[in-house]
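A quick write-up on the structure given underneath.
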Amino acid sequence: MRILVAEDDPSLAEGLMRSLRQSGYAVDCVTNGEEADAALDANEFDLLILDLGLPKRSGLEVLKRLRSRKSATPVLILTARDSVNDRVTGLDAGADDYLAKPFELAELAARVRALTRRGMAGGSARISHGALTYDQVGRLARLNGEPVEFSARELGLLEIFLQRAGRLVSKDQLVNHLCEWGEEVSGNAIEVYVHRLRKKLEPGGVRIVTVRGLGYSLEKPEPQ
Ligand code: CA
């Protein structure tokens with residue numbers, strides 16, 4: 001999953017990016033409101049972490065523009081400790097959650113998990129898909145109860161597929177949600193990752209089908 005961090009404090013931005021990458025997210029960072037706007041216009045992110053006090057264009061303005069483009073991207077706003085007004089205004093403008101600075105990275109991580117899993121299986125931390133169960137907190141996948149080892153890339157792909165079970169996912173979408181700016185991942189590499197993921201899921205009857213020329217789809221499990 002891919003997150004955009006819009007934060008102009010370099011050390012905070014650096015800390016956020018490091019921590020989020022450790023949790024397995026692809027992370028891009030912008031340092032002012034205009035860049036944030038442009039990035040959100042050009043890419044589809046799974047979450048925006050938005051400092052309200054940004055130069056060039058305020059975080060609130062960025063948020064309003066995002067929602068006026070009918071984007072449903074979840075937004076976590078970062079506000080100054082005592083600014084109750086900012087929080088209320090931000091939530092009213094379409095933010096999904098907020099954190100007051102300074103905050104603990106562990107709390108940020110928990111909120112990020114909660115926001116990014118909303119799209120998955122009704123927002124539960126534990127997803128079941130046929131013989132597959134996936135624990136989003138520990139990022140642990142089990143097939144028929146047995147743990148399965150996945151590489152970071154394979155887990156990233158699995159999360160994208162679980163979020164869109166039964167729906168067509170194009171290669172471009174996979175690249176977009178898996179990779180940060182400047183990361184080169186070709187269509188061929190995606191095919192290789194999907195192939196590996198498929199091999200590991202097959203023994204449990206969990207199938208990723210190829211939709212010729214269009215992309216892939218994680219088949220919905222048979223009703224029990
Ligand atoms: Ca700031």
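The values are calculated or read from the model by the stated rules, or taken from the named source; none is laboratory data. On a predicted model such as this, the values are computed, not experimentally measured, just so you know. Neighbour counts run over all protein chains shown; Cβ positions are idealised from the backbone, glycine included.
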query: Listed residues T79, T73; which is away from the ligand (no atom under 16 Å from the Cβ), at pLDDT below 95 and in contact with a strand residue (DSSP E or B) (Cβ under 7 Å, 6 or more places away or on another chain)?
result: T73
Residue that is farthest from H177 (Cα to Cα), among those in segment 65-92 that are more than 21 Å from the chain's Cα centre (by Cα) and part of a loop (DSSP other than H, G, I, E, B): D82
task: Considering only segment 164-189, state which residues are in contact with a strand residue (DSSP E or B) (Cβ under 9 Å, 6 or more places away or on another chain) and assigned to a helix (DSSP H, G or I).
output: K171, D172, Q173, L174, N176, H177, L178
